[in-house]
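Colleague: Just dropping this structure here.
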Amino acid sequence: MLQKTRQPFNANAIAQAGAVAGLADEEHMSRTRELTREGRNYLQAEFADMGLEFIPSVANFVLVRVGDGDAVFKTLLGKGIIVRAMRSYKMPGWIRVSVGTMEQSRRFMKELRALDAESALSRGAIVAASPA
């Protein structure tokens, strides 16, 4: 019953203890901020290079318009890459890409470019569905 009500990606007690320890480690915090900044800048530069619209970010993720966010999510998930489709946030043409390691980001970009080469991405405006 509890499993049905929990938030996605919630943190258990062990993860919470690790987070508290991480917050006390200034060197770790500084290194994490720098890695996040580098990864976010890499993703944003790649999206710009591809001509994809994205929302400039200062967080540990970037929102990027891909056309059909659900389809891109499913395709990437099938390749072992997890992004978040943004339909539930009223942004069906967008995905949320979390900043990971550079290796993970490069792999994601390789797969996203492959989808683009297959014309699976759209740069057009999102068209709202007509009311039924």
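The values are calculated or read from the model by the stated rules, or taken from the named source; none is laboratory data. Values in this document were obtained by computation on a predicted structure and should not be read as measured data. Positions of Cβ are backbone-derived with ideal geometry, glycine not excepted, and every protein chain shown enters the neighbour counts. Side chains are part of the model used for accessible areas, which takes the heavy atoms of the whole protein and leaves out ligands, DNA and RNA. Shrake-Rupley method; radii C 1.70, N 1.55, O 1.52, S 1.80 Å.
Colleague: Give me the angle, in degrees from 0 to 90, between the Cα long axis of helix 26-50 and the longest principal axis of the Cα atoms of the chain, rounded to the nearest 10.
Modeller: Tilt of helix 26-50: around 10 degrees.
Colleague: Next up: Sort out for me the Cα centre separation of region 66-123 from region 26-43, rounded to whole Å.
Modeller: Measuring centre to centre over Cα atoms gives 22 Å.
Colleague: If you place +1 on the Cβ of every Lys and Arg and -1 on the Cβ of every Asp and Glu, how big does the dipole about the Cα centre of the chain come out, in debye to the nearest 20?
Modeller: Values: 18 positive and 14 negative charges, 95 e Å.
Around 460 debye, computed over the chain.
Colleague: Helix-only mean residue ellipticity at 222 nm, the chain, DSSP H runs n ≥ 4 weighted -39,500 (n - 2.57), per residue, nearest 500. What is it? Working shown, then result.
Modeller: Values: 5 runs with 67 residues, N = 132.
For the chain, the value works out to -16000 deg cm²/dmol.
Colleague: Can you give the extra length, in nm with one decimal, that the chain gains between LEU23 and ARG107 once fully stretched, where that is 0.36 nm per residue apart less the Cα-Cα distance?
Modeller: Working: separation 84, 0.36 × 84 = 30.24 nm, distance 2.91 nm.
Net length gain for the segment: 27.3 nm.
Colleague: Another question, if that's okay. Of the heavy-atom accessible surface of the chain (probe 1.4 angstrom), what whole percent is carbon and sulfur?
Modeller: Details: 5140 of 9080 Å².
After summing per-atom areas, the C and S share lands at 57 percent.
Colleague: Please build a GNM for the chain, connecting alpha carbons under 10 Å apart, and tell me which residue among ILE82, ILE14, ILE95 fluctuates the most.
Modeller: For the chain, modelled as a Gaussian network with Cα springs under 10 Å, the answer is ILE14.
Colleague: Moving to a separate point now. Using a Förster distance of 35 Å, how high is the FRET efficiency between THR5 and LYS74, based on the Cβ-Cβ distance and rounded to 0.05? Each step should come with its number before you reach the end.
Modeller: Numbers: r = 25 Å, r/R0 = 0.73.
About 0.85, to the nearest 0.05.
Colleague: Running a GNM on the chain with Cα contacts under 10 Å, which residue among GLY51, GLY39, GLY93 ends up with the highest mean-square fluctuation?
Modeller: Most flexible of the set in this elastic network: GLY51.
Colleague: Averaged per residue, what accessible area in Å² does region 1-41 show with a 1.4 Å probe, protein chains only? Mind dumping the intermediate values first?
Modeller: Numbers: 3680 Å² over 41 residues.
Averaged over the residues of region 1-41, the accessible area is 90 Å².
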